[in-house]
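For reference, the structure discussed in these notes is given below.
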Amino acid sequence: MKKGRIHSIESFGTVDGPGIRFVAFMQGCPLRCQYCHNPDTWDPNGNCQYELTPEELLRQALRYRSYIATGGVTLSGGEPLMQSEFVKEYFRLCRQEGLHTALDTSGAYCSGHALEALEHTDLVLLDIKTLNPDLYPKLTGGKLENNLRMLDVLQERGIDTWLRHVVVPGLTDNDEWLDKVGQLAAQFSVVKKIEILPYHTLGKFKYEKMNLSYPLEGVEPLSRERAQEIRERLSAYKPCS
Ligand code: SF4
């Protein structure tokens, strides 16, 4: 098997799944979300910090076993399922060690090794970009159907899911469409929680460094107050944080 290309590692992650987690951010993503704060992960052949086999990454994770015992490991990105064979094997090994496995994905891949990887996944953090079919391609460069197909698969397989949703002023900060995210969550018993991720501009400097124009120039970060208001609104459908 090819080594996994890993953009970076966070040994004590607290925001990508429950508890303290060993988080590896995989290199490569087929989407181009306008609000992406990690454009340096887009190119699958771009600079990455590590090239490791699943066994080697597991060895790194196990160094923190006592800290992550009640949390687990997470693969994020980029889009981890772009290297789905690696995900499958790494998660299989992690589970053998009794580690909880979480996958942060946009659902852009939903066949072959990607489906097999789900067999070893305890929790999926599914990034619902927007449910507005007109906005989705403009916002992400991808297809809404993939997002939704992944959710169907997770339901069929009974895999716990948290829906994540980035709220961007002027784009996805819209009560009607936010309610649709809540209504979608309510239809799926595997969805245990909705996570509202307020848009921020912390990744802007990376665009400058990469000589890319910043797609959301002039858009202000979502305020704390508005994020809280949205969380309360969507709590009518599922627990929301
Ligand atoms: S899916 Fe994630 S990594 Fe890929 S472009 Fe969108 S925000 Fe960035």
Q: Taking a cut-off of 16 Å between Cα atoms, list the aspartates and glutamates near K2, but don't count ones fewer than 8 places away on the same chain.
A: E51, E55, E56, E85, E89
**Q.** Residue-wise HN-Hα coupling along the stretch 27-41, computed from phi with Karplus coefficients 6.51, -1.76, 1.60 (Hz; x: Gly, Pro)
**A.** 7, x, 8, x, 8, 9, 4, 4, 9, 4, 9, 10, x, 6, 9
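With the Cα gyration tensor of the stretch 2-70 giving a ≥ b ≥ c as the square roots of its eigenvalues, does the rule (a/c under 1.5 for rounded; else a/b larger than b/c for prolate; else oblate) give rounded, prolate or oblate? Before the final figure, lay out each step's value.
Numbers: a/c = 3.06, a/b = 1.41, b/c = 2.16.
Oblate, since a/c reaches 1.5 and b/c is not below a/b.
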Q. For the pair S241 and E56, how long in nm is the line joining their label points, each one 7 Å along Cα→Cβ?
A. 3.4 nm
(Q) As I understand it, the value is the acute angle between the Cα axis of helix 175-187 and the longest principal axis of the Cα atoms of the chain; what does it come to in degrees, rounded to 10? (A) 40 degrees
Q: Determine, for the stretch 4-234, the count of lysine pairs separated by eight or more sequence positions (or lying on different chains) whose alpha-carbon distance falls under 22 Å.
A: 13
Q) Quick one: of the DSSP bridges fully inside the chain, what percent are antiparallel, nearest 5? A) 25 percent
**Q.** Long-range amide H partners of G142 with built H, under 5 Å
**A.** R32
(Q) If I measure Cβ to Cβ between cysteines in the chain, which ones have no partner under 4.7 Å? (A) C29, C48, C94, C110, C240
Q | Only Lys, Arg (+1) and Asp, Glu (-1) charged, at Cβ; the stretch 4-234 dipole about Cα centre in debye | A | 280 debye
Q.
For the stretch 85-241, what does the relative contact order come out to in percent, with C-alpha contacts under 8 Å and a separation of six or more?
A. 20 percent
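A short reminder: the numbers here are calculations on the coordinates, not readings from a lab. Please read these numbers as outputs of a predicted model, since none were measured by experiment. Don't worry about glycine lacking a Cβ; one is built from the backbone with ideal geometry, like all the others, and counts go over all protein chains shown.
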